[in-house]
Amino acid sequence: MRGSPRPPRAPGAALVLLALSRAASASNPLEYPDNGSAAFSRGGAWLAVANEPIATHYNPAGLATQASGFSIEQQLAFPHTCFDRRGPGDTFVGPSDVGTPIYQYRKVCNARGGFPNAIPSLSIVWRATSRLGFGIAVVPPATYGSAQGQLPPLATGFDTQMGTAKALPAPYRYMQLEQQSTILFPTVGVGWEPLRGLRLGAAFISGIGVIDLSTAGVSSLGTNDAKGDHMTDDSLSTLHTEDLFVPGVVLSLHASVTRHVDVAVWGRYLDAIRASHGSLDVTQQAYNGNGGVNPPCAGALDASGKTTYTGCSANQSVPNHFGNAVTRFEYRIPPELRAGLRFHGPREQPRATGDDVPVRDPLHDDLFDVEVDGSYTWNSLASVTVVRFPSGAGLLPTNPTGVPVPPDADRPTGYQDSLGLRVGGQWNAVRDLVGIRAGGWLETRSQDPALLTVDPVGAFRFGFGGGVVFRYHYLDVSLGYQRHASLGLDNHGDGSLRAPAGVSANGMPFMVLDPPGTPASERTAYRTIHAVNGGSVTFDANVFTLGGVARF
């Protein structure tokens, strides 16, 4: 432990960094370890270190022993997801399995794999007294994000008659297409050291959720939906809603139980992203019988000057916009609990600085450290994403046929509670100059394979990597890399996810509705008869980090 450095003040720096920061793409409950370049480079095993401003969110107790400063950090993720759509018994299926199918799906991977998804974070800490520190942080969930165009509506399939590859409706389209949502966790925290070596922390989160996502549905079950997909009845939908206040709380403890051992405990609870408003865009007749995307119909003006689409042909897509369509949206963020144990080797002769405000600074104080963290996440509390539209007399009819928007589009997630383990450390090769970091992590399976999706992939996951920190006067610069992999998920064609459907067979309304309380995974009204997520999904990623911490 050493005294707090006092370089010249830079009061405008925080404002400049705030101006440069931008929202991160979001989001799912299955995060990787972790935001913050130091934590990331140690495989997420950083809970009991907590010596940088991002501890405002990830262990506010550590604010009580930090020097004032700010950090700006950036994760660059290159996710790689592959989906192989199959039918029961791992049989090949295609986008038009009703009638005489000639097209088949093939294994496809997300596009723009060489384009990184940027996940930034920004944090500021002020050391008020020798035992009290305050922090502000703006962090996203530690997820991979999604670049525009990574899951396009067409993907490469196979024409069995010609024996050649062919662009077809994407096999994952009912699970996800575009995902440009943004979730941020603005956090205000305080750390207090009531007794020497014992620190307590608390933080308040005022989260922001802007939801903007696209999927495919089915306008009508047609004549024999049980046989499989029938692409000419597909519709493409884009939903937009927002919740600009998602409250949450973080509580933490940090203790130096001996000169060599630190322990920490951290818990986070966030309310769901909830909304009772939002817009919906629905494109009917999205695909033609050859598997291509239909060109849009411009419509025509009627006598009142209103655009009508009654003259559109069956080979034209027809747009529909509903400005106030969402009656209920709910996306839960699972609570999480972590605990950490850190062993570090202090230098025998700490350098005195003549300052009476002690700070914890591993690059100065220690020769090395090793940490083990464990986590438990209640993913099962996010077992369904609620999406509701007007029902009864308020049904929203779509052009050109009047097929209504399904009032119940709830999506079961299949999430299961998961355990995580993180191991990492740092060797300070040159005191106050260079530190080498390394670490790894694993997370147990967090999703039922019967409800697998392409984002997130809740398989057994693991990662490993490392990094380096360089110090120049009052600036620490960190670089790091992790390789992520998973065991994938495979339901052998026996999926359980159904796509939303507007009307039942032969254009008839759904007459039998599900009783109240029916789990989303068991509902049949306003859903296809056949499952749309049969098959297997694999996931891996390369993730890089770059961050800087400046001390005042």
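Just so you know, all these numbers are worked out from the coordinates, no wet-lab data involved. Nothing here was measured: the structure is a model prediction, and the numbers come from that model. For neighbour counting, all protein chains shown are included, and Cβ atoms are generated from backbone atoms with ideal geometry for every residue, glycine included.
Within a straight-line Cα-Cα reach of under 24 Å, Lys227 can be paired with the following lysines, leaving aside sequence neighbours fewer than 8 residues apart in one chain: Lys107, Lys166.
Taking label points 7 Å from Cα along the Cα-to-Cβ direction, Arg431 and Ala202 give a separation of 3.9 nm. Across the chain, the relative contact order, built from alpha-carbon pairs under 8 Å that are at least six residues apart, equals 19 percent.
Residue ranges 382-388, 40-46, 359-365, 192-198 sort as 40-46, 359-365, 382-388, 192-198 when ordered by packing (mean number of other C-beta atoms within 10 Å per residue, highest first). Scanning residues 5 or more positions from Thr453 or on other chains, those with amide H under 5 Å from its amide H are Gly458, with H placed 1.01 Å from N in the peptide plane. Taking the Cα centre of the chain as origin and assigning +1 to Lys and Arg Cβ atoms and -1 to Asp and Glu Cβ atoms, the resulting dipole is close to 1160 debye.
Going toward the positive end of the dipole of the chain, with +1 on Lys and Arg Cβ and -1 on Asp and Glu Cβ, which of Leu381, Phe92, Gly217 do you reach last? My answer, from the dipole projection, is Leu381.
Taking N as the residue count of the chain, its C-alpha radius of gyration divided by 2.2 N^0.38 Å amounts to 1.08. When only alpha carbons are used to place a centre, the stretch 411-473 and the stretch 273-344 end up 34 Å from one another.
Across all Cα pairs in the stretch 467-543, the calculated P(r) in 5 Å bins from zero up to the longest distance comes to 3, 11, 13, 12, 10, 9, 8, 6, 6, 6, 6, 5, 3, 2, 0 percent per bin.
Near Tyr174, the amide H atoms lying under 5 Å from its own belong to Ala216; only residues 5 or more places off or on other chains count, and H is placed 1.01 Å from N. For the stretch 357-497, the fraction of alpha-carbon pairs lying more than 20 Å apart is 66 percent, rounded to a whole number. Of the chymotrypsin sites (Phe, Trp or Tyr not before Pro) found in the stretch 422-490, the ones in coil according to DSSP and having at most 15 other Cβ atoms within 10 Å of their Cβ are Phe460. One equal scatterer on each Cα of the stretch 504-552, no solvent, Debye formula: the resulting log10 I(q)/I(0) at q = 0.18, 0.27, 0.29 Å⁻¹ is -0.79, -1.11, -1.17. Rounded to the nearest 500, the 222 nm mean residue ellipticity of the chain from helices alone is -1000 deg cm²/dmol, with -39,500 (n - 2.57) taken per DSSP H run of at least 4 residues. From the alpha carbon centroid of the stretch 86-109 to that of the stretch 489-546 is 17 Å. Each label was represented as a point 7 Å from its Cα along the Cα-to-Cβ direction; for Ala128 and Asp281 these points are 4.7 nm apart. Ranking Leu475, Pro116, Ala264 by how far each Cα lies toward the positive end of the dipole of the chain (charges on Cβ) leaves Leu475 at the top. Just want the answer: with Cβ charges of +1 for Lys and Arg and -1 for Asp and Glu, which residue in Pro346, Gly488, Thr283 is farthest toward the dipole's positive end in the chain? Farthest along the dipole direction, towards plus: Pro346. When the Cα atoms of the stretch 217-278 are aligned to their principal axes, the ranges along those axes come out at 73, 31, 14 Å in descending order.
In vacuo Debye scattering of the stretch 35-122, one point per C-alpha: log10 I(q)/I(0) at q = 0.12, 0.13, 0.16 Å⁻¹? Each listed q maps to, in turn, -0.60, -0.63, -0.74. For the stretch 96-196, the Kirkwood hydrodynamic radius from C-alpha pairs, put into Stokes-Einstein at 4 °C and a viscosity of 1.567 mPa s, yields a diffusion coefficient of 72 µm² per second.
Per the Debye formula with a single identical scatterer at each Cα and no solvent contribution, what log10 I(q)/I(0) holds for the stretch 428-501 at q = 0.26 Å⁻¹? Listed by q, the Debye log ratios stand at -1.11.
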